[in-house]
Structure formats: C-alpha cells, structure tokens
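So the structure is just underneath, and the comments pick up after that.
Values in this text are rule-based calculations from the coordinates and carry no lab data. This structure is a prediction, so every number in the text was calculated from the model and none was measured. Cβ: placed from backbone, ideal geometry, glycine included. Neighbour counts: every protein chain shown.
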Amino acid sequence: MKKKSIKILLLSLLLALPLSGCGGKQENKPENKEMQKQFDEFIKNEFITEMENDYLSMHILLEHPEDFGVNPKNMKIQIGSKYSEEALDEDRKKLAETIKEFEAFDRDQLSDQQKDTYDCYRYMLDISEDASDEKFDYLGSSFNTMSGDHAQLPSLFADIVMRNEEDVKNVITLLKDVLPYMESNIAYTDKQLLENTMSINADEVISRCQEVVDAGMEGSTLTSMKKHVDEMDLSASVKAKYKKELEEAYRTSFLPAYKKVINYMKKLDKGGNHTGGLATLDNGKEFYEILFRKATGSDDSVKNIKKRLEEEAQNAMLSAQNAVTSNPEALEAYMSNTTSTGYKDYKGILTYLETAYKKDFPDVGKFNYNIEPLASDLATNGIAAYFNIPAIDGTTPKEIRVNNTDKAAIDTISTFTTVAHEGIPGHMYQIQYAYNNLKNPWHLACANFSGYTEGYATYVELYSVNYIDTDDAIKQLTEAMTVYEHAIIALIDIGIHYEGWSIDQLKQFCNEKGLDSSQAQGIYDQICYNPTSFLSYYVGYMEIADLKKEAQKELGDKFTDLGFHTALLESGSAPFSVVERHIDAYIEANK
C-alpha cells in the first residue's frame with residue numbers, strides 16, 4: 001500500500017534556507033539436528049494454527065490449504081474474533097503457553113536459515129508479550145480513519161477471490177458476519193469510553209460510512225462480488241442463486257452495520273473523546289513505543305530514530321537546494337507536478353519497468369497481473385494505491401489498485417513512482433522474489449514486518465526515478481523533497497504520540513521548518529487518529545538507505561546496486577537486525 005503524502009511544503013523555502021545492530025558476539029555452539037527438527041515442527045504447527053484461526057488470512061494466502069496441512073473444516077468462517085474480556089484473558093493464556101514452548105529452543109544450535117526464522121518469530125513474540133499487558137487492553141482503536149475495519153472492509157470484499165462454489169458460500173457467511181463484527185467493535189469502543197481511552201475522529205468515520213450507505217445496493221463492493229460470480233464456471237441458474245444470496249447478506253448485514261456505526265458515532269459522547277496523541281493517555285507513551293517497534297522493525301529507540309530523521313531531513317534539504325541551484329526551473333516543474341513521463345496508462349509504466357529493473361535487481365521471471373483504477377466509493381482518504389497480497393501457492397493474476405479520485409495525470413512522475421511502489425520493483429516484484437526463493441510457509445505468510453515491506457517499496461519508489469527520462473536536477477529534487485517530507489511526517493508522528501504535542505506545538509514546528517501552518521489541523525487530525533501509520537514507510541526507508549550508505553562506504557568501487565538489492569531481498573520480510581546480517585554478509589563476500 002502506498003499512502004498519500006501530506007503536501008505541506010513551501011518549496012520556495014529552498015532558496016531561502018542556509019546550507020547547512022546486532023548484539024555482542026555470542027559463543028558458537030554446535031548445531032543440534034534434533035533441536036532443528038523440533039524447531040521446524042514448531043514453526044510448521046504455528047503456521048497451521050494461525051491459518052486455522054483466521055479464515056480470511058487462510059483464504060487469501062493459501063489456494064490449496066490442505067497441501068500445507070491446514071484443514072479448512074477446523075476453522076470458523078468469520079471476519080475476526082469478537083471482543084470480550086474473556087477473549088482477552090484467553091489470548092494472554094495462549095500467548096504464555098507459546099512463549100514457554102518457544103523458549104525451549106537454543107538459537108545458537110539452529111541452522112543459519114532457522115536463525116532468521118527464530119529472530120523474526122522472537123521479534124513478533126516480544127511485541128505481542130509487551131502489548132498483552134492489561135494496562136494496554138483499551139488503547140488503540142477499531143475506527144482509525146485510514147486502517148479501521150470500516151475503511152478496509154469495502155475493498156476487502158470487492159477484491160476477495162472466489163475460486164469455487166465453496167468460496168462463494170463462505171463469502172456469503174462472511175458478509176453475514178459484518179454486522180456482529182461491527183457491533184463487537186462498538187462494544188469495545190464503549191469500554192474505551194468507560195476507561196477514558198477513546199480517541200476517534202467521529203466525523204471522518206461517519207463520512208466514510210455514509211459513502212457506503214449512500215452507494216447502497218449499487219455500491220462497487222457488491223457489484224464486484226457479483227461480477228466475480230459471473231466470471232465463474234457455473235450454470236446461469238446457480239450464478240443467479242448465489243448473486244441473490246450475496247444481495248440479501250449485503251442488505252441485511254453489511255449495510256446495516258455501516259448504518260449502525262453512523263448512528264453510534266452521532267450519539268457518541270464527544271466530551272469523553274481524546275483529541276490528542278497517545279502520549280496524553282495513561283500508559284500511552286509506553287504503548288506508542290510498542291507500536292513504534294511493530295511499525296518499523298527497528299531495534300533503535302524512538303529518541304535515536306528522531307535524531308536520525310532530523311539529520312535525514314537536513315541532508316535532503318541540502319540536496320534539494322543543490323538541485324535548484326543547478327537548474328532553477330526544476331523547482332517550478334516539481335511544484336506543479338507537470339513533468340511528463342510520456343506514459344498514458346498504468347500498464348504502459350509496468351511494461352517498461354518489467355525490462356528496466358533487470359540491470360539493478362535480480363530477475364524473477366514473468367509477471368501475471370492486473371492494474372486498475374480503484375472505484376471512487378472504495379477509495380480511502382490517504383491511500384494512493386494498494387497491492388493485494390496473492391496466495392503463496394496461487395496461480396491467479398496479482399492485483400494492483402490505484403486511487404485516482406483526485407484525477408492525477410497518469411503521465412506525471414508521482415503516478416510513475418506510485419506504480420513502481422506497488423508493482424515493479426516494489427511490492428509485486430518483492431513478493432514474487434520471496435515466493436520464488438523463500439520456501440518456509442510461515443515466513444511467507446506470517447512474518448509481518450511492514451517496516452521492511454513498506455520501507456523497501458518506498459526505497460524502490462524513489463529509486464525508480466532513475467528510470468524516468470528527464471532532467472537530472474528534477475530527479476534529484478523529486479527524491480530529495482520526497483525524503484524531506486517523509487522525515488517531517490515521521491517527526492510529527494513522534495511529536496504528537498511520544499512527546500504529546502498540541503495543535504499549537506505542531507503549528508510552531510511548521511513555522512520553524514518553513515511549512516504552511518494553515519494546514520496544521522488537518523495534518524494533526526490525520527496523524528493523531530492513525531498513530532504510526534506512516535512510520536513503516538518513512539523509518540523503514542531510512543533504515544534501508546542507511547544500510548546502503550554503509551555498504552557503499554565499505555565496498556567503494558566493488559559496490560553494485562544488483563548485489564545490494566539481492567542481499568536486501570534475501571531475508572524476506574524481517575526485522576532490520578536480520579536484514580542487516582544479510583547486508584553484512586554481502587559486504588564481507590565482496591571486499
């Protein structure tokens with residue numbers, strides 16, 4: 001997914017501003033083949049358990065679950081587990097059992113490949129353990145404006161794959177679960193109100209839900225599902241039957257769920273709603289540190305990351321000034337976003353990138369994909385595009401959706417880089433590389449490190465500017481100002497949620513940075529109600545950029561983009577401590 005950047009820069013400022021790992025060594029132990037076998041069995045069982053406990057993940061990620069030991073008959077067809085205090089306690093109990101079982105393994109006696117898996121699992125387990133503390137039970141929100149369930153469900157159902165009749169029946173069951181699922185989210189929010197931890201932008205939630213309700217039975221969500229049925233190899237009478245059942249479930253569950261959310265938000269006690277960041281809530285700053293680790297995949301502290309972001313912003317501004325000095329016309333071209341790439345459709349961009357990437361990234365073979373504009377009633381504010389994760393054993397085309405509700409010209413640099421972010425050499429390419437080269441199903445399906453995946457996609461988004469035939473100063477300015485914006489937004493996220501900034505403090509920050517403070521309220525609201533949403537992209541990018549600088553420094557003329565990118569991709573989705581080991585190995589092998 002690529003999120004829309006918040007345009008807040010007064011770029012005329014460019015002409016006015018002055019120029020300005022891993023832990024210690026451990027004792028090596030001999031590999032223990034029996035322990036390695038037990039570890040593989042543990043990870044396999046964890047994969048099966050996770051798939052059987054989450055129908056949607058299983059359906060999306062596995063085309064033939066039985067080939068992986070996953071039994072669809074063992075799972076409940078539902079969108080997700082429902083909230084209750086008993087469920088929270090049961091989750092804590094299961095987590096404690098898993099921790100005890102996992103800690104029986106001695107990492108040093110595992111193979112190198114298993115150590116990667118161990119470290120990924122350990123990182124995720126530590127975050128789960130920290131977040132499971134009862135004091136955090138009612139922090140967070142089911143109604144974040146960008147990633148809340150109400151914002152995600154319309155496109156999830158619109159894009160859901162139906163491979164056979166059983167899938168259609170299950171989708172109908174899922175639709176019927178939307179109303180009780182939303183009621184559960186409302187019950188959780190009621191509890192937050194009692195606990196004095198509720199933080200919701202009710203007006204934004206109402207607006208998004210109203211769009212769904214207003215579209216009604218003609219909405220793109222239902223229309224897309226019916227289209228999927230029409231495309232299946234079924235008789236006309238069977239298709240008509242299933243489409244009628246989809247309509248009934250949509251009418252009696254999906255739409256009523258959204259109406260219920262609207263009514264709830266309208267009656268919400270605004271006096272009990274927190275309109276500041278997590279740092280203003282009891283235990284909120286500590287909770288933000290957990291979210292921060294989860295979003296970034298970094299072991300570095302928030303304070304150190306903040307310092308690095310400030311340096312990144314300063315260096316980016318210097319680069320931007322140098323670009324404008326070399327070509328003053330580059331500034332107007334960037335501000336107006338009028339530099340033409342010459343491409344008239346999304347497919348044309350990807351067709352070109354399918355060939356261009358091969359000199360800088362390892363070849364992954366042919367791509368099978370569809371790229372289409374996102375229907376306006378499915379678009380979520382702040383999301384520029386997204387890539388649907390395909391099944392790890394799937395054969396269906398990969399799907400990319402581009403949000404073009406603001407009618408951005410297709411031939412602009414921003415559209416080109418967005419397509420590169422989602423497609424080649426971004427998410428679609430990275431997934432194809434992982435599926436071709438990583439054989440551990442748990443790692444492919446369950447290792448969820450958005451700092452790596454979104455950081456990588458942001459890195460290649462900027463790298464793809466090199467593939468555009470335009471003035472070098474425009475390329476340099478585009479990259480520098482994008483990095484600058486990224487760093488500023490990440491600093492604002494830290495300011496609001498870790499340091500407790502008020503809107504006045506944000507305005508002061510904007511004024512100090514030469515930014516347009518008149519847009520501060522909109523920026524504050526978006527980041528306040530979506531904590532860490534941008535950090536995976538921006539901090540993840542910075543981690544990768546720093547690893548590249550280190551490799552370039554160590555290898556000099558022996559450094560190659562192809563070699564670095566291969567090492568970067570080898571780990572798959574992982575915390576940066578694991579990624580760094582692969583980069584270190586690349587450096588050592590090429591000195």
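Observations
- Segment 316-367 - convex hull of the alpha-carbon atoms, volume per residue in Å³: 131 Å³
- Under 5 Å between amide hydrogens, built in the peptide plane, is the criterion, and for Asn370 it picks out Lys398, Glu399, Ile400 among residues at least 5 positions away or on other chains.
- Counting only lysines at least 8 places from Lys33 when in the same chain, those with an alpha carbon closer than 25 Å to its own are Lys25, Lys44, Lys100, Lys115, Lys439.
- Scaled radius of gyration (Cα, divided by 2.2 N^0.38 Å) that segment 149-272 gives: 1.19
- Fewest-first sequence of His59, His274 by Cβ atoms within 10 Å of each Cβ: His274, His59
- Under a model in which nothing but the beta-carbon of Lys, Arg (+1) and Asp, Glu (-1) is charged, segment 35-141 shows a dipole of about 240 debye around its Cα centre.
- Over segment 480-575, volume per residue of the alpha carbon convex hull, in Å³: 126 Å³
- Among Thr341, Pro65, Ser111 the positive-end extreme of the charge dipole of the chain (Cβ point charges): Thr341
- Rounded is the label for the chain, because a/c, from the alpha-carbon gyration tensor with a ≥ b ≥ c as root eigenvalues, stays below 1.5.
- Of Lys294/Lys366; Lys73/Lys191; Lys358/Lys553; Lys73/Lys259, those spanning more than 26 Å from alpha-carbon to alpha-carbon: Lys294/Lys366; Lys73/Lys191; Lys73/Lys259
- With both labels modelled 7 Å from their Cα along Cα-to-Cβ, the Lys553 to Ser81 distance reads 4.4 nm.
- The residue list Gly219, Ile200, Asn273 was ranked by how far each Cα lies along the charge dipole of segment 175-291 toward its positive end, using unit charges on Cβ atoms, and Gly219 comes out on top.
- Prolate/oblate/rounded call for segment 57-216, Cα gyration tensor, a/c under 1.5 rounded: oblate
- Student exercise, the chain dipole from Lys, Arg, Asp, Glu Cβ charges, in Debye to nearest 20: 980 debye
- Centre separation in Å (Cα based) which lies between segment 47-114 and segment 115-187: 14 Å
- Estimated vicinal HN-Hα couplings, Hz - segment 135-144 in sequence order (Karplus 6.51, -1.76, 1.60; Gly, Pro = x): 5, 9, 4, 10, 9, x, 8, 7, 10, 4
- Taking a ≥ b ≥ c as the square roots of the eigenvalues of the alpha-carbon gyration tensor, segment 36-107 is classed oblate because a/c is 1.5 or more while a/b is no larger than b/c.
- Straight-line cross-link partners of Lys243 among the aspartates and glutamates, defined as a Cα under 17 Å from its Cα and at least 8 positions apart when in the same chain: Asp159, Glu165, Glu166, Asp167, Glu218, Asp230, Glu231, Asp233.
- Summing Cβ point charges (Lys, Arg +1; Asp, Glu -1) relative to the Cα centre of segment 149-272 gives a dipole of roughly 300 debye.
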